[in-house]
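Structure record follows, encoded as structure tokens.
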Amino acid sequence: MFTGIIHYLGTFRGYRQNHQKLIIQVSDLPGPLQPGESLAVNGVCLSLERKDGAELTFHLSRETLDRTNLGELRPGEKVNLELPLTLQTPLGGHLVTGHVDAVGTVLRIQPKGQGKRMLISFPEDFRHNLVPKGSIAVNGVSLTVASLGWDHFEVELIPLTLKKTNLGLLKPGKKVNLEGDIIGKYVYNYLSKRAK
């Protein structure tokens, strides 16, 4: 479980074994990470397979490659990293599981005061995960839905988010991982079953 508050950025170094291995370089994660521990990479919960100095290796399953943007990274690209939530971690964002629901596409980025406003499209079957002013994780970053259309939504990006995450580096056309609010998903599932 994660909060969607990003404190670390890693650098994508490449794939190995036909995209089955993901290599990330990171210099500032606190504490000794051990193989088997979880880390959210662009909002995707992955298990650390190997650590060689500042280089981290993760195994990518076919499911992960099919449902996220982790198979489309380019060498040197920055990725958001988040350590798992503990009982002492402040819950500053919202509950994020690291299980991506859909991949969206950045349509437009506009300046808004000192920040930016980003328009993102999403697949039709993701629509029930969104409500105006509700929570959404974009590449693992906890954000609020500023406005909502039938196949797109907008989020406001404050200067701190632009500086501390890879959202400030995105361009139109870029794919992003989307995760809906887990509480909303449980409510939707419960009500859907009751309506039958």
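The values are calculated or read from the model by the stated rules, or taken from the named source; none is laboratory data. Note that the structure is a prediction, hence the values are computed from the model and not measured. Positions of Cβ are generated from backbone atoms using ideal geometry, with glycine treated the same way; all protein chains shown enter the neighbour counts.
Matching residues to (1) of a type in the set (Asp, Glu); (2) buried (at least 19 other Cβ atoms within 10 Å of the Cβ); (3) at pLDDT 95 or above:
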{"residue": "ASN18", "(1), (2), (3)": "no, no, no"}
{"residue": "PRO30", "(1), (2), (3)": "no, no, no"}
{"residue": "GLY43", "(1), (2), (3)": "no, yes, yes"}
{"residue": "ASP52", "(1), (2), (3)": "yes, no, no"}
{"residue": "ASP66", "(1), (2), (3)": "yes, no, yes"}
{"residue": "LEU70", "(1), (2), (3)": "no, yes, yes"}
{"residue": "HIS99", "(1), (2), (3)": "no, no, yes"}
{"residue": "ARG117", "(1), (2), (3)": "no, no, yes"}
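Of these, THR105, THR86, which one is out of contact with any Leu (no Cβ under 7 Å at 6 or more places or on another chain), hydroxyl-bearing (Ser, Thr, Tyr) and touching a residue at least 60 places away in the same chain (Cβ under 8 Å)?
Result of the check over THR105, THR86: THR105.
Of (1) in a strand (DSSP E or B); (2) within 22 Å of GLY168 (Cβ to Cβ), LEU48 satisfies all except one. Which?
Of everything listed in (1) in a strand (DSSP E or B); (2) within 22 Å of GLY168 (Cβ to Cβ), LEU48 misses just condition (2).
If only one of LYS112, LYS116, LYS78, LYS133 is basic (Lys, Arg) and on the phi > 0 side of the Ramachandran plot, which one is it?
LYS133
Can you tell me how many residues within the range 100-117 are touching a helix residue (DSSP H, G or I) at 6+ places or on another chain (Cβ under 7 Å) and farther than 22 Å from ARG67 by Cα?
Total meeting the criteria: 3.
Can you confirm whether the range 119-134 contains a residue that is over 24 Å from GLU37 (Cα atoms), part of a strand (DSSP E or B) and at pLDDT below 95?
No - not one qualifying residue is present in the range 119-134.
Residue check: is GLY134 closer than 30 Å to LEU191 by Cβ, of a type in the set (Gly, Ala, Ser) and outside the structural domain of SER38 (by TED's automatic domain parsing)?
For GLY134, the condition - closer than 30 Å to LEU191 by Cβ, of a type in the set (Gly, Ala, Ser) and outside the structural domain of SER38 (by TED's automatic domain parsing) - is met.
In the range 150-196, which residues are under 22 Å from VAL96 (Cβ atoms) and aromatic (Phe, Trp, Tyr)?
Those that are under 22 Å from VAL96 (Cβ atoms) and aromatic (Phe, Trp, Tyr): PHE153, TYR186, TYR188, TYR190.
Pull up the range 168-184, narrow it to residues that are assigned to a helix (DSSP H, G or I) and touching a residue at least 60 places away in the same chain (Cβ under 8 Å), then point me to the one that is farthest from the chain's Cα centre (by Cα).
By that ranking, first place goes to ILE183.
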